[in-house]
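The structure appears right after this line, and notes come after that.
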Amino acid sequence: MDKNGSSFDDWTENHAWFRTNYARLARRFDHQNVAVYGKKVVDHDSSLSRLLNRVGKSYPRDRVVVEYVTRKKRELIL
C-alpha cells in the first residue's frame, strides 16, 4: 500500500483483500467482527463496540475495514 495514497484507496485495497479472503476469514473468525488494515487482520472481537474502540486507538479508522464474518450463507431477500 502506498503510504502517500488516499484513505479511500487504502480502504478499497483492504476491502478487496477482505472479499478475496472471506471464506478463510469466516472459518477462522466465525461469528466475529474483523478489522483489516494493510491487507491483514489486525484485530477481531464478537463485540463491534469493543473492536471499534481498540481499532480507533491504534489505526487510522478511515483506512480500516471492519466487517462481520460468518460461515453461514447469506440470504438475500428482494
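Bear in mind that the values in this text are calculations on the coordinates, not laboratory data. Not measured: the values here are computed from a predicted model. Methodologically, a virtual Cβ is constructed for each residue, glycine included, from the backbone with ideal geometry; neighbour enumeration extends over all protein chains shown.
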Practice task
Grab the alpha carbons of region 7-69, take their convex hull, and tell me the volume per residue in Å³.
Solution key: 62
Practice task
Would you mind calculating the gained length between residue 42 and residue 58 on full extension (0.36 nm times residue separation, minus the Cα-Cα distance), in nm to one decimal?
Solution key: 4.8 nm
Fill in the blank from the handout: Helix 48-58: inclination vs the chain longest Cα principal axis, degrees, rounded to 10, gives 20
Completion exercise
Toy charge model, Lys and Arg Cβ at +1, Asp and Glu Cβ at -1: the chain dipole around Cα centroid in debye, rounded to 20, equals 360
Practice task
Give me the angle, in degrees from 0 to 90, between the Cα long axis of helix 7-20 and the longest principal axis of the Cα atoms of the chain, rounded to the nearest 10.
Solution key: 30
Practice task
Would you mind telling me which residue in 43, 30, 62 has the biggest mean-square fluctuation in a Gaussian network model of the chain, where springs connect alpha carbons within a distance under 10 angstrom?
Solution key: 62
